[in-house]
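Q: Take a look at this one; I'll ask things after.
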Amino acid sequence: MSFFIRNSAKAKISSTKVGQKRKTPGKPGGKKTTNGRLAGKRRMKGGNEEIASDEEILSDVEDVPEEEASEDEEETAQEKRLRLTKQYLAQLEEEEAEKRVTDEIDRDAISHRLQEDLLEQKGKLQRKVAAQYIPPTPADIQVLRGHQLPLTCLVVSSDSKHVYTGAKDCSIIKWNIAEGKKEKVVAGGRKGTEDKHQGHTAHVLCLAISSDNKFLASGCRNKIIHIWDPVSLTRLHTFTGHRDAVAGLAFRKGTHTLFSGSHDKTVKVWSLDEMAYVETLFGHEDSIMALDSLARERAVTAGGRDRTVRVWKIPEESQLVFHGENRGSIDCVAFINEQHIVSGDDNGNVCVWGLMKKKPLVSVRGAHHAEGSEQQECWVSAVAALTNSDLIASGSSDGHIRLWQCGDSFKTVQPLFSVPVVGFVNGLKFSSDGNFLVAAVGQEHRLGRWWRLKPARNSLVIIRLRKTS
């Protein structure tokens, strides 16, 4: 239905010219004769061409069939919701039918999917999958070498086909997981060549990729963020604005909104649709060490020596502050679902947090303690979570990546198994399908050179995760 009332015949004529035909109430005059012509027609002098009068044009509009006019009426909000719901249910039935051997539709499976979608929307989904995983064999662990210096970060594409890694040699490498080899390399440059070199000229500290695999973002010690095409690794844009090293990057799921955290204690928001800066968020009292985000317009950050984990609510322009239980530096953080977080600190503790409680729901003290080693060598340097599940992982320098199972409501954490990996685990990520876990391993910690583990190899480690049959 139109939002404007046109009173003049001229307005109605222009309305029909743009292709939108409407049924109008009848008007007197302009009666048809036996030969179908209107009485209101005028003939030009000196020619045979006829010009229709206003009454004839209006009567032509009246002759539009009722069915044709009704097709252009707008759909009501209720009708639209009903139509979209039917389409979604049909899509679920089709997906479930493809999974089954027979064509019989499992209504219970569809109901289960709807319940999971509702819990995921509320941020409370916890799929019970951890108990299905079994320890990997040596054949399930693949080590790929390509960087000259310790790896510092990594990210997995949403289709689980590629892994991108960054390192202290300032380079970025794109890996093909199925083939186990490099596909693209952005070489690092020397200091002072920023204007000429396409890539980074300082340590790459963080990577992030959009959920549609359209943009790859990288941050480094030079305070800059590069935006890349993930397919060709061609640089698309460069963001500046941070006053210190960029240590954390994350895309909001399903969007091109990018969050960045820096050692300058701020979080910045960027729009990649417009390639523009949006806003800056303040609150941390020390360097931001890590950052993560899911589908909601929120980001979680680890505040290092200020011993806090903060959840930033962008629309409300507010933040939730969670205080650690000790004086250690909280160095890594990741969302489990929209309501729960896992973090690691330099005292060797792995903590699980809920947004409704200021203290951790559960803490695993000395999660990576190794006998005969100094406490600092057991820093939890990386954590990861299989989104919306009960499976989390942590890495340190004790020679093991450890996988953990979260109990009901995330009130307990139990060890599952460990995977032997020599070196500093500077980054951890699960694939979206949960079929493998990847680790960025180096001889040194990603932020410094306090220790050097000579037996370690600077490498990408791909761990195939097997489930019980």
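The values are calculated or read from the model by the stated rules, or taken from the named source; none is laboratory data. Treat the numbers as computed from the prediction; the structure is a model and nothing was measured. Ideal geometry is used to build each Cβ from the backbone, glycine not excepted, and the neighbour counts take in all protein chains shown. Heavy atoms of the whole protein, side chains included, go into the accessibility calculation; ligands, DNA and RNA do not. Shrake-Rupley method; radii C 1.70, N 1.55, O 1.52, S 1.80 Å.
Q: Work through the residues other than HIS256 whose Cβ is under 14 Å from its Cβ and net out their charges, Lys, Arg +1 and Asp, Glu -1.
A: -2
Q: Pairs of alpha-carbon atoms within less than 8 angstrom and 6+ residues apart define the contacts here; what relative contact order does region 157-298 have, in percent?
A: 15 percent
Q: Order the peptides 391-403, 443-455 from the highest to the lowest mean number of other Cβ atoms within 10 Å of their residues.
A: My ranking of the peptides, most packed first, is 391-403, 443-455.
Q: Right, here's the next one. To the nearest 0.05, what FRET efficiency results for ARG190 and VAL231 with a Förster distance of 35 Å applied to their C-beta separation?
A: 0.80
Q: Considering only protein heavy atoms, what per residue accessible area in square angstrom results for region 275-385 with a 1.4 angstrom probe?
A: That works out to 40 Å² per residue.
Q: Quick one: which residues, 5+ away or cross-chain, put their amide H under 5 Å from the amide H of GLY304? H built at 1.01 Å from N.
A: Excluding prolines and chain starts, which carry no amide H, the hits are MET289, ILE330.
Q: Given a cut-off of 25 Å, name the pairs among LYS168/LYS429; LYS181/LYS268; LYS182/LYS429; LYS253/LYS411; LYS358/LYS411; LYS168/LYS265 whose C-alpha atoms lie farther apart than that in the structure shown.
A: LYS181/LYS268; LYS253/LYS411
Q: Here's something else I'd like to know. Note down the net charge around THR301, summing +1 for each Lys or Arg and -1 for each Asp or Glu among other residues with Cβ under 9 Å from its Cβ.
A: Neighbourhood net charge equals 0.
Q: Can you give the local net charge around ASP244? Use residues other than it whose beta-carbon is closer than 9 angstrom to its beta-carbon, Lys and Arg +1, Asp and Glu -1.
A: +3
Q: Based on the mean of other Cβ atoms within 10 Å per residue, sort peptides 152-158, 170-176 so the most packed one is first.
A: Per-residue mean Cβ counts within 10 Å order the peptides as 152-158, 170-176.
Q: Restricting to DSSP loop positions (anything but H, G, I, E, B) with no more than 10 other Cβ atoms inside 10 Å of their own Cβ, which GluC sites (Glu not before Pro) remain in region 283-371?
A: Qualifying residues, ordered by number: GLU316, GLU317, GLU371.
Q: Taking loop as defined by DSSP and a crowding limit of 16 other beta carbons within 10 Å, which GluC sites (Glu not before Pro) in region 167-229 fit?
A: Sparse-neighbourhood loop GluC sites (Glu not before Pro): GLU179, GLU194.
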